[in-house]
Amino acid sequence: MKTRNWILGLLVASGLIAVLSLAVSAKTNPGPQEKPFYTMFFEYSSATGNIHPVGESPPVTAGLLKYGEWTYRGLCIGCHGAKGDGNGAVWELGEQYIRNKEHRLPRKPRDFTEAVFKIRSTPSGSLPTDLDLFEAISRGLVADHDMPSFKFLPERDRWAVVAYIKSLSERWVEEAEYQEEAVEIGQPPLPTAEMIVAGKEVYKQMKCAKCHGPKGKGDGPSAPELEDDNGLPIVPRDFTDASQFVGGSDPRGVYRTFTTGFDGTPMPSFADFLDEEQRWQLVWYVMSLRDDWDLDKTRQMLQVQTAAGGG
């Protein structure tokens, strides 16, 4: 615990040194009609512990990109690498020298130079939104035991990392005019026994059991052969355990996964194959596979959320 606190203290101190260095540089040469970075940066939210941002993102400037790079080098470079290509020392050395597979990373870290992301609110093949990246950094992929949560960082620091990550791939420039909007997800329909039966048929129709198994435990006949775009093994999600979901495990989150798919993996988008009603049927069937599933309690909870304006 003392070591962890010491490391965090060192990182915070490094961040402050970075800001002060930028402050000196900006004060010496602030640029025409440009607010000094150190003044602008501290006007934005420093909230911690939040997944969804509470304030606006700072404008992308040379200062913000530089600060994002410093933060990235302090916290992300070990896994994602100096070039952002996923070839960090934690990955490469682990594969070479750690014999016990349980102590290695379960999959190669994200290659930011390719800009292919699993967790998105945008259609398959599209770049994620800035909000998608912010929430992924904040939430982490803790279910897969590889990408930790960085919600302990001040919100403005996380926005700086988002800006820097986007500078590592040309896709953000080349596809700027073609960027698609986030998928709109309406109010979840109340689940019924009939809807779950219909969802089971959709599950069968889309051959979900080939990967996820007949009972959704991730043990389908194709599971041992599945690979991601890097040619590395990938394990299908166990639907019986909500804590194992890397995307949202709530009804809207599951619906979003079925709509957008996970780019870079065998998990496809069903947007072109299933209409909205069928996707909701599949959502409720998959959620009904959970060990703690209770139809009546789920209906009551959803009704309360809807009445409160949540959903």
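For the list (1) modelled with pLDDT of 85 or more; (2) more than 17 Å from the chain's Cα centre (by Cα), I need the number of the one condition that R104 fails.
R104 satisfies every listed condition except (1).
Which one of these is in contact with a strand residue (DSSP E or B) (Cβ under 6 Å, 6 or more places away or on another chain) and aliphatic (A, V, I, L, M): V235, V246, V197? Talk me through it step by step, then tell me what you get.
Details: V235 fails: in contact with a strand residue (DSSP E or B) (Cβ under 6 Å, 6 or more places away or on another chain); V197 fails: in contact with a strand residue (DSSP E or B) (Cβ under 6 Å, 6 or more places away or on another chain).
So the residue among V235, V246, V197 that is in contact with a strand residue (DSSP E or B) (Cβ under 6 Å, 6 or more places away or on another chain) and aliphatic (A, V, I, L, M) is V246.
Mind checking whether some residue in the range 46-66 is at pLDDT below 85, among the charged types (D, E, K, R) and surrounded by 15 or more Cβ atoms within 10 Å (Cβ to Cβ)?
Of the residues in the range 46-66, the ones at pLDDT below 85 are none.
Among the residues of the range 46-66, not one is at pLDDT below 85, among the charged types (D, E, K, R) and surrounded by 15 or more Cβ atoms within 10 Å (Cβ to Cβ), which makes the answer no.
Right, E135: within 23 Å of G55 (Cα to Cα), outside the structural domain of G94 (by TED's automatic domain parsing) and not aliphatic (A, V, I, L, M) or not? First the steps, then the outcome.
Values: within 23 Å of G55 (Cα to Cα): yes; outside the structural domain of G94 (by TED's automatic domain parsing): no; not aliphatic (A, V, I, L, M): yes.
No, not satisfied.
Looking at (1) crowded, with 19+ Cβ neighbours inside 10 Å; (2) modelled with pLDDT of 95 or more; (3) of a type in the set (A, V, I, L, M), which is the only condition L274 fails?
Against the list (1) crowded, with 19+ Cβ neighbours inside 10 Å; (2) modelled with pLDDT of 95 or more; (3) of a type in the set (A, V, I, L, M), L274 comes up short only on (1).
Can you name the condition, by its number, that Q205 falls short on among (1) of a type outside the set (K, R); (2) surrounded by 13 or more Cβ atoms within 10 Å (Cβ to Cβ); (3) closer than 27 Å to M287 by Cα?
Here Q205 meets the rest and fails (2).
When only residues in the range 120-178 that are aromatic (F, W, Y) and free of Cβ contacts under 8 Å to residues at least 60 places away in the same chain count, which is farthest from L75 (Cα to Cα)?
Of the range 120-178, the ones aromatic (F, W, Y) are 134, 150, 152, 159, 164, 172, 178.
If we keep only those that are free of Cβ contacts under 8 Å to residues at least 60 places away in the same chain as well, we get 172, 178.
Values: W172: 23, Y178: 31 Å.
The extreme case among them is Y178.
D275 - would you say it is of a type in the set (D, E), under 24 Å from the mean Cα position of the chain (by Cα) and within 21 Å of T192 (Cα to Cα)? Spell out the reasoning first.
Numbers: of a type in the set (D, E): yes; under 24 Å from the mean Cα position of the chain (by Cα): no; within 21 Å of T192 (Cα to Cα): yes.
Against the criterion (of a type in the set (D, E), under 24 Å from the mean Cα position of the chain (by Cα) and within 21 Å of T192 (Cα to Cα)), D275 does not qualify.
Out of everything in the range 209-234 that is touching a residue at least 24 places away in the same chain (Cβ under 8 Å) and hydrophobic (A, V, I, L, M, F, W, C), what residue ends up being surrounded by the fewest Cβ atoms within 10 Å (Cβ to Cβ)?
L232
When you go through (1) buried (at least 17 other Cβ atoms within 10 Å of the Cβ); (2) over 24 Å from Q278 (Cβ atoms); (3) in contact with a Leu (Cβ under 7 Å, 6 or more places away or on another chain) one by one for P188, which number turns out not to apply?
Of the numbered conditions (1) buried (at least 17 other Cβ atoms within 10 Å of the Cβ); (2) over 24 Å from Q278 (Cβ atoms); (3) in contact with a Leu (Cβ under 7 Å, 6 or more places away or on another chain), the odd one out for P188 is (2).
Could you tell me how many of the residues in the range 287-311 are crowded, with 17+ Cβ neighbours inside 10 Å and not in a loop (DSSP other than H, G, I, E, B)?
Here the count works out to 4.
The values are calculated or read from the model by the stated rules, or taken from the named source; none is laboratory data. Since this is a predicted model, take the numbers as computed values, not measurements. Every residue, glycine as well, gets a Cβ built from its backbone with ideal geometry; the counts of neighbours run over all protein chains shown.
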